[in-house]
1. Scan G83, G41 and give me the residue that is at positive phi and either crowded, with 19+ Cβ neighbours inside 10 Å or modelled with pLDDT of 95 or more (or both).
2. State all residues of the range 83-129 that are over 13 Å from the mean Cα position of the chain (by Cα), within 16 Å of the ligand (Cβ to nearest atom) and among the aromatic types (F, W, Y); if no residue qualifies, say none.
3. Just give me the residues in the range 55-74 being away from the ligand (no atom under 13 Å from the Cβ), closer than 13 Å to F249 by Cβ and of a type in the set (G, A, S), in sequence order.
4. Are any of the residues in the range 190-208 touching a Ser or Thr at 6+ places or on another chain (Cβ under 6 Å) and within 23 Å of Q59 (Cα to Cα)?
5. Please give the strands (runs of 3 or more DSSP E) falling wholly within the range 1-54 in which 3 or more residues are farther than 20 Å from L210 by Cα and within 16 Å of the ligand (Cβ to nearest atom).
6. Out of all the residues in the range 187-203, which are assigned to a strand (DSSP E or B) and without any contact (Cβ under 8 Å) to a residue 40 or more places away in the chain?
7. So which of A261, A203, A158 is within 16 Å of the ligand (Cβ to nearest atom), buried (at least 17 other Cβ atoms within 10 Å of the Cβ) and over 23 Å from P98 (Cα atoms)?
8. Can you tell me which condition S75 does not meet? The list is (1) within 17 Å of the chain's Cα centre (by Cα); (2) among the hydroxyl-bearing types (S, T, Y); (3) under 15 Å from L211 (Cα atoms), and all the others hold.
Amino acid sequence: MIGAWCFADHFGPTDGSTGAVMQVGLHPHIGLQTVTWLVEGDVTHRDSLGVEQWIRSGQLNLMTSGDGIAHAEESVPASPAAGAADALHGIQLWVALPDSARQGAPGFEHHAELPVDRAGGFHCTVLVGEALGARSPAQVYTPLLGVELVGAEDGGHASVPLDRTYEHGVVVLDGRLLVAGQPVEPGALAYLGYGRTELELAAEGSVRALLLGGEPFGEDILMWWNFVARSWEEIADARADWEAGASRFRTVTSELDRIPAPALHRPRPR
Ligand code: MN
């Protein structure tokens with residue numbers, strides 16, 4: 001984990017030449033927030049609160065599961081009439097909810113406008129938390145930071161001030177970024193620990209990355225499938241509720257299939 005950040009799913013880039021590129025059928029979540037950020041392409045989100053939200057690049061979808069929510073996600077051709085390629089590139093991150101918030105009501109926020117700024121040679125968008133004097137409107141429940149950094153083609157260099165009480169990490173979406181002198185490329189996550197007051201970033205060419213941070217979470221979590229919990233009993237209950245179609249997860253109007261929970265093989269106590 002990096003603060004409450006507990007999962008990162010970097011998808012694409014793809015030009016969509018193989019057909020539909022994202023079709024995630026109906027599935028449940030508990031104990032987390034999903035943070036969806038697109039670099040390229042369009043996705044629709046439908047959830048059991050009745051929200052249907054189209055998201056484009058440069059926009060943020062933030063879904064809070066509370067004790068139970070279900071949703072489906074599907075990429076949409078930008079121009080179906082023209083048969084345009086269904087290009088897609090983005091990331092979905094999960095944020096663990098603290099004990100004080102995880103039994104709360106589910107919710108959904110869409111932020112089409114987020115604060116932008118510059119740090120050295122990088123364009124910065126503040127997705128979550130506060131950075132460079134700007135604050136994102138996204139509601140989170142623990143001290144947390146998420147900033148997109150984009151370096152132009154001629155590269156970029158910056159010394160980014162950090163909160164030393166946060167631990168930090170960097171995910172590179174495109175290009176190659178020197179993070180405190182170490183090269184980081186797509187597919188890896190650079191973990192930086194806590195106690196730093198600034199971070200040296202340098203790009204040799206065009207680069208796109210996310211700087212993640214947060215106060216160390218301080219609670220042990222248990223992640224299984226789409227659930228973030230504290231015990232196997234909670235996981236088993238949520239799984240059984242999903243399989244039974246219990247009211248906890250409500251219903252969603254989507255043409256996509258419902259995804260059944262995998263078998264649960266909980267480890268034997270030692
Ligand atoms: Mn999901």
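The values are calculated or read from the model by the stated rules, or taken from the named source; none is laboratory data. Keep in mind that this is a model prediction, so the values were computed, not measured. Every residue, glycine as well, gets a Cβ built from its backbone with ideal geometry; the counts of neighbours run over all protein chains shown.
1. Working: G83 fails: either crowded, with 19+ Cβ neighbours inside 10 Å or modelled with pLDDT of 95 or more (or both).
Going through G83, G41 in turn, the sole match is G41.
2. Passing the criteria: only F108.
3. Taking the range 55-74 and keeping what is away from the ligand (no atom under 13 Å from the Cβ), we get 55-60, 66-67.
Restricting the remaining residues to those that are closer than 13 Å to F249 by Cβ gives 66-67.
Across the range 55-74, the qualifying residue is only G66.
4. no
5. Working: elements: 5-14, 23-29, 32-40, 42-47.
Answer list for the range 1-54: 23-29, 42-47.
6. Within the range 187-203, the first condition is being assigned to a strand (DSSP E or B), and the residues that meet it are 189-194, 198-203.
Residues satisfying the conditions are A190, L192, G193, Y194, E198.
7. Result: A261 is the single residue among A261, A203, A158 that is within 16 Å of the ligand (Cβ to nearest atom), buried (at least 17 other Cβ atoms within 10 Å of the Cβ) and over 23 Å from P98 (Cα atoms).
8. (3)
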